[in-house]
Amino acid sequence: MAKALFCPTCREVVLATNEYFPFCSDRCRLIDLGKWASGDYKISSPIQDPDLLEELASSQRNKPSEDDQD
């Protein structure tokens, strides 16, 4: 028996044999992709790399503030 899951976009039952698995259709796949691209979905975890933390901190310090743009 083929494995079945629910489409993450519309919650319709999808069989593992579906061409768009785990989505039920190309439309639902593109909706999900658009949510990732627009930042609706995020994978958050603490940053453990000290070099990356330092780079992020320095970029935040160098970013012009709203008040500086007059």
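Considering only residues that are in a loop (DSSP other than H, G, I, E, B) and more than 19 Å from the chain's Cα centre (by Cα), look in the stretch 4-23 and name the one that is surrounded by the fewest Cβ atoms within 10 Å (Cβ to Cβ). Checked the stretch 4-23; the qualifying residue surrounded by the fewest Cβ atoms within 10 Å (Cβ to Cβ) is Glu19. Inspect the stretch 27-36 for any residue being part of a loop (DSSP other than H, G, I, E, B) and either within 21 Å of the chain's Cα centre (by Cα) or at pLDDT below 90 (or both) and give the result as yes or no. No, the stretch 27-36 contains no residue that is part of a loop (DSSP other than H, G, I, E, B) and either within 21 Å of the chain's Cα centre (by Cα) or at pLDDT below 90 (or both). Selection within the stretch 37-55: residues that are in a loop (DSSP other than H, G, I, E, B) and among the small types (Gly, Ala, Ser). The member of this set that is surrounded by the most Cβ atoms within 10 Å (Cβ to Cβ) is Gly39.
The values are calculated or read from the model by the stated rules, or taken from the named source; none is laboratory data. Given the structure is predicted, the values throughout are model-derived calculations rather than measurements. Glycine also receives a Cβ, built like all others from the backbone with ideal geometry; neighbour counts cover every protein chain displayed.
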